[in-house]
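Every number in this text was worked out from the coordinates using simple rules, so none of it is lab data. Keep in mind the model is a prediction, meaning the values are calculated, not measured. So basically every Cβ, Gly included, is an ideal-geometry build from the backbone, and we count neighbours across all protein chains shown.
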Amino acid sequence: MSPWTAAQPGDPASAVDTPALVLDLDAFERNLQRMAQALHGTGVRLRAHAKSHKCPEIARRQVALGAVGICCQKVSEAAVFVAAGIDDVLVTNEVVGDAKLQRLMDLARRARIGVLADHPAQVRALAAAARAAAATLDVYVEVNVGANRCGVPPGADAVELARLVAASAPLRFAGLQCYHGPAQHLRPPAQRAAAIADAVAAARTTRAAIEACGIPVPHVTGGGTGSFQHERDSGVFDEIQAGSYVFMDRDYADNERAAGAPAFEHALFVRTTVMSRPSATRAMVDAGLKASSVDSGLPVVWQRPELRYLKAADEHGTLDTPAGDTPALGDALLLVPGHCDPTVNLYDELVCVRGGTVEALWPIAARGALL
């Protein structure tokens, strides 16, 4: 943790030290409203994915606008949000190991907690841990609908796992997790629609097969910022797990927007300073690999299309500056990160700005929660 902060509430935005993670509150709030409006009246609920922001202040605002709860990827991440008062959390991951299971059950005694399973051994371990802790736990069967990561195949394997969960008190069979991650970043709308159509078909068939055995399927959950309107309109999914919409990184903005899809705005920026001007065509900024994740590509310079972020070292970013005379030494720039989730995990706080003034500092309380 840094020995000081980049700014204090009331400071002018122009005085924020660098590198800093800056949140444009007006754009952020419009993004929240647009997602709420996109789901209003559809019967499909939002379970916002908090791995994107790791910030309880943001989760509380999402719940206030109608989200049923949040998703997390790790038990330690979920613990931060439960401690902050979020009382409905789905860990969208398999949880294995005695220490993690004990912590999960501790949370399940304090809030409604869900978790995924894709193997009978996981279900048996969850049930044993829940019985020992006198806890009740929601368990979703994860179905591989195209991501080829975790999950059982659609159909018979999912039916057998659902049977086991339903028969394993004090576990509650809560439904199906059907998330297609790669589809979120297919650029043409038609490709995203086709990929999600296949996922919907797999989810529909699997749900019907489980229900034919007399087991209710309370929820089918999945979807993300890149595809949620397809899951929303599917008649199969009743819960959306979008997360990045609150920030909109460069990678998501590279998608072609489908007709009728909400126009989410860039709200998250890395503020950086030109710290060296070694040539007329090169500027060095103080935001490198430790300030902005590059796993989904390099950041772009906000509202300065003539400047190109060429490469990142640990503490340095190299800009191509064909104009030659700008930016000058000491100038501040805003970068749009390529991938918001791991970029957020680099910082202790969000510097929240509105109208040219720092309004608040929001702790990124679940930063580094990897267990």
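Which residue pairs have Cβ atoms under 6 Å apart, sit 6 or more places apart or on different chains, and have a first residue in segment 142-170 that is in contact (Cβ under 8 Å) with a residue 40 or more places away in the chain and a second that is surrounded by fewer than 18 Cβ atoms within 10 Å (Cβ to Cβ) and of a type in the set (Val, Ile, Thr)?
That search, which allows pairs on different chains as well, returns PRO154/THR205; ALA162/ILE215; ALA166/ILE215; PRO170/THR136.
Among residues belonging to segment 38-53 that are on the phi < 0 side of the Ramachandran plot and not aliphatic (A, V, I, L, M), point out the one that is surrounded by the fewest Cβ atoms within 10 Å (Cβ to Cβ).
Looking at residues that are on the phi < 0 side of the Ramachandran plot and not aliphatic (A, V, I, L, M), I get HIS40.
Which of the strands (runs of 3 or more DSSP E) contained wholly in segment 259-338 include at least 2 residues that are more than 25 Å from TRP362 (Cβ to Cβ)?
Hits in segment 259-338: 268-279, 282-285, 308-312, 317-320.
Would you point out the residue of segment 128-150, among those that are touching a Lys or Arg at 6+ places or on another chain (Cβ under 8 Å) and part of a loop (DSSP other than H, G, I, E, B), that is surrounded by the fewest Cβ atoms within 10 Å (Cβ to Cβ)?
It comes out as ALA134.
Please count how many residues of segment 237-273 are within 22 Å of ARG47 (Cβ to Cβ) and among the β-branched types (Val, Ile, Thr).
2
Do you know which of the residues in segment 241-279 that are among the charged types (D, E, K, R) and touching a His at 6+ places or on another chain (Cβ under 6 Å) is farthest from ALA6 (Cα to Cα)?
ASP251
Just the residues that are within 21 Å of ALA36 (Cβ to Cβ) and buried (at least 20 other Cβ atoms within 10 Å of the Cβ), please, taken from segment 73-91.
PHE81, ILE86, VAL89, LEU90
On the basis of being of a type in the set (Val, Ile, Thr), in contact with a helix residue (DSSP H, G or I) (Cβ under 7 Å, 6 or more places away or on another chain) and surrounded by fewer than 22 Cβ atoms within 10 Å (Cβ to Cβ), does VAL159 make the cut?
yes
Looking at ARG187 and the list (1) in a helix (DSSP H, G or I); (2) touching a residue at least 40 places away in the same chain (Cβ under 8 Å), which single condition is not satisfied?
All conditions are met except number (1).
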